[in-house]
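Here's the structure we're looking at; comments come further down.
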Amino acid sequence: MRAAFVDANPALRAIAERLAAAVPEIEVTYGHADATHEVLPDDLPALMAGAGIAVIDHTALPVEIARRCIGLGHVVFLGTGARSYMDPEALAAEGISVDVIKGYGDVAVAEHAIALLFAAARGIARMDGAMREGRWLRTEGMQLAGKTLGLVGFGGIAAEVARVAQGIGMRVLAWNRSPKAHVGVEFMSLDDVLAHSHAVSLHLLLTDATRGLLTREKLASMRPGAILVNTSRGALVDEAALVDALRSRHIGHAALDVFDVEPLPAGHVLATLPNVTLSAHSGFRTPEANERLIEAAFVHCKRLAAAAAR
């Protein structure tokens, strides 16, 4: 069976080409030879060209495009956020399954969330920008030791964040949609987590139930001056309400790796606010996480090929 890795960046392609040799059951082809060429949905039918499996990093696959991909039966999405790029139920109705890869980057994303938390707490990005412009800007930061961190959603990434936060002396609260227990973490209602936390970090999959979970009212219920960290999905938060909360300083700082629209459009309002720290959806991008990601994807492709051969 052929798997078309349609949007491999140079780092992922190098790993894929090395690991593919150990999976002779799968013929792997790749997208544009020019790795700087952006892959668009309209490119996909030609890039797949009869492949039974599409390996997709972060390219949208609308159902109307999928219908033009002759022979496509499976999508292996590199991550957990497939719903931000495609409609799994609509694709399933067309006979195309969508599978995601979990757990490969828990440590990487957790470290990025902690990095954003520290950057927000100490105003590092703002001082860096000012000094590059020749201004000696000194900001008064938040000491995190002794403060409370609230985790909204509690899976593998949140557990890693909790471990590090506890190590620096933070109290950790958490809310999860299903009951959970974890050493040293106090589980309570979402409203209580938001009200009592000096910083809140989001760790939820995007679903119909979680889209827009942090409404204007939920943001207003947060502790005044709190930090909001989001390394999950931008659509978990009412973006317009967040902008208003940042302008009023009810939210003291937002540290964001994910956005409603990606890439973040030039001149976007979030990029104009001084109490926002931005990164380009890169929390999961480390060599170690990339290796585990591609390895897991090829293992799954091998299972799909074996099932098709039976």
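Please treat every number below as a calculation from the coordinates, not as lab data. Remember, predicted model here, so these are calculated numbers, not experimental data. Using ideal geometry, Cβ is built from the backbone for each residue, glycine included, and neighbour counts are taken over all protein chains shown.
By other beta-carbon atoms within 10 Å, ranking Ser97, Ser201, Ser248 with the fewest at the front produces Ser248, Ser97, Ser201. Based on the reciprocal of the average 1/r between different C-alpha atoms, the Kirkwood radius for the chain equals 20.8 Å. Principal-axis analysis of the Cα atoms of the chain puts helix 106-122 at an angle of about 30° to the longest axis.
Relative to the dominant Cα principal axis of the chain, helix 287-309 is inclined by about 40°.
Its relative contact order, with pairs defined as Cα atoms under 8 Å and 6+ residues apart, puts the chain at 16 percent. Calculate how steeply helix 156-167 sits against the longest principal axis of the alpha-carbon atoms of the chain, using the helix alpha-carbon long axis, and give the answer as 0 to 90 degrees to the nearest 10. It is inclined by approximately 30 degrees.
Scattering from the stretch 106-278 was approximated by placing one identical point on each alpha carbon and applying the Debye formula without solvent; log10 I(q)/I(0) at 0.08, 0.13 1/Å stands at -0.22, -0.59. Under the convention that each Lys and Arg Cβ holds +1 and each Asp and Glu Cβ holds -1, the size of the dipole of the chain around its Cα centre is about 840 debye. Entry note: the stretch 40-196 has Rg to Rh equal to 1.13, where both radii use alpha-carbon atoms and Rh is the Kirkwood radius.
Simple rule: put +1 on each Lys or Arg Cβ and -1 on each Asp or Glu Cβ in the chain, find the dipole, and look at Tyr85, His281, His203; the Cα lying farthest toward the positive end is His203. About the centre of its Cα atoms, the stretch 106-278 shows a dipole size close to 440 debye [charges on the beta carbon of Lys, Arg (+1) and Asp, Glu (-1) only; nearest 20 debye]. The 3J(HN,Hα) values that the Karplus relation (6.51, -1.76, 1.60; θ = phi - 60°) gives for the stretch 212-217 are, in residue order, x, 4, 8, 6, 4, 5 Hz. Gly and Pro appear as x.
Exposure proxy shown here: for Met1, Met222, the number of other Cβ atoms within 10 Å sets the order, fewest to most, as Met1, Met222. Estimated at 0.36 nm per residue, the fully extended path between Val63 and Glu17 surpasses their Cα-Cα distance by 13.7 nm. When the alpha carbon coordinates of the stretch 242-310 are projected onto the principal axes, the ranges are 61, 23, 23 Å, largest first. Starting from the Cα of Lys180, draw a straight line to each of the lysines and keep only those under 29 Å, dropping any in the same chain fewer than 8 residues away. Within the straight-line limit of under 29 Å, Lys180 reaches these lysines: Lys102, Lys147, Lys218.
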